[in-house]
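What follows is one structure encoded as structure tokens, with my remarks underneath.
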Amino acid sequence: MSAREGAAAPPIADAPRGNWVERLAPGPVRPYLRLARMDRPIGSWLLLLPCWWSTALAAIANDDPYPSPKLLVLFAIGAVAMRGAGCTWNDILDRKIDRQVARTRGRPIASGQVSVPAAFAFLVFQALVGLAVLLSLPHFAIVTGIASLGVVAVYPLMKRVTSVPQLILGIAFSWGALMGWASVMRTIADPALLLFAGSVLWVFAYDTIYAHQDKEDDAIVGVRSTALLFGRSTGLAVSLCYALVVFLFAAALMSVPVGPFAYLGLIGFAIHLWMQVRRLDIDDPERCLAVFKSNRDAGLILFVGLALDTLLPNTILPLLP
């Protein structure tokens, strides 16, 4: 593979300054790491969290002493690989659009740092890593994972044909809510479906916030988004989505059922979402990006609550008189 020297690359608008790719990666490798968004790990976190929620919720339902460390690690590797593959595929398809949008014109393919054939080869490599992770899971989970590939493949095209591409992204990014349960229980049941539905709305809402960074450019180049669809009603739309998310997640927890720590995690998650709505300013791109990124912390709060619900009853409560 050939790429221009990474140090000469134009800046990526939403990449943190001085990130590890800029500081530590060899120059020729940097464009590929940027292509996989390794300098912006938030997307990997947001893809991973539904997997971890589902794994922890299934552990509670299965009366396991803790969420499977093997599954948590496999899902982490898979999330990084598949998020990178998805971004590479997205950038291949969107390279002409990216050149017309201020925030994205510095991306490796759009700026010419990585050729399209080299990007395809990199895509195959990342997909193979994801496949290796998938094949390490139980057979039912493998079949469940394969069922998501069509959604992943068509998502980058949706902004051209629908005003709600965030809904398709929500389905793709929430598939992990099914995968964790399928890996532990070898089936799909109501708790996983409720978690999946809530996660779809969560992604739909936070990506609507994210899309407000590009709304002017999107309108000019003719691509669609929920930021353009909702406009000034975005705050109301996000608030309604977040309320439904909390409702669906509460239903998922009650259907297991779980203990107090999981509900405390959900309460913390709900408070975080409420704070996001309070902070949101759709006319401030930097604020939109910060609110979007904060969803990692919201998701981790919920995961910690679910994990503690398996760990503490099996370690502390038996010691109590």
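The values are calculated or read from the model by the stated rules, or taken from the named source; none is laboratory data. Please read these numbers as outputs of a predicted model, since none were measured by experiment. In this analysis, Cβ positions are derived from the backbone assuming ideal geometry, glycine residues included, and neighbour counts consider all displayed protein chains. The protein model used for the area step is the full one, side chains on, heavy atoms only, and it has no ligands, DNA or RNA in it. Shrake-Rupley method; radii C 1.70, N 1.55, O 1.52, S 1.80 Å.
Observations
- In region 274-303, the residues that are among the aliphatic types (A, V, I, L, M), in contact with a His (Cβ under 9 Å, 6 or more places away or on another chain) and without any contact (Cβ under 8 Å) to a residue 40 or more places away in the chain: Ala298, Ile301
- Count of region 290-321 residues which are farther than 30 Å from Pro69 by Cβ and at pLDDT 95 or above: 2
- Screening Gly18 against (1) assigned to a helix (DSSP H, G or I); (2) surrounded by fewer than 16 Cβ atoms within 10 Å (Cβ to Cβ); (3) free of Cβ contacts under 8 Å to residues at least 24 places away in the same chain leaves a single unmet condition, (1).
- Residue that is hydrophobic (A, V, I, L, M, F, W, C), within 25 Å of Gln113 (Cβ to Cβ) and in contact with a strand residue (DSSP E or B) (Cβ under 9 Å, 6 or more places away or on another chain), where the choices are Leu35, Leu24: Leu35
- Screening the candidates Ala61, Ala81 for the property of being open to solvent by less than 30 Å² (accessible area, probe 1.4 Å), within 28 Å of Val184 (Cα to Cα), touching a residue at least 40 places away in the same chain (Cβ under 8 Å) and of a type in the set (Gly, Ala, Ser) yields one hit, Ala81.
- Criterion: over 17 Å from the mean Cα position of the chain (by Cα) and either of a type in the set (A, V, I, L, M) or outside any helix (DSSP H, G or I) (or both) - qualifying residue of Ala172, Ala141: Ala141
- Checking each residue in region 118-139 for being over 22 Å from Leu93 (Cβ atoms), without any contact (Cβ under 8 Å) to a residue 60 or more places away in the chain and crowded, with 16+ Cβ neighbours inside 10 Å picks out Val133, Leu134.
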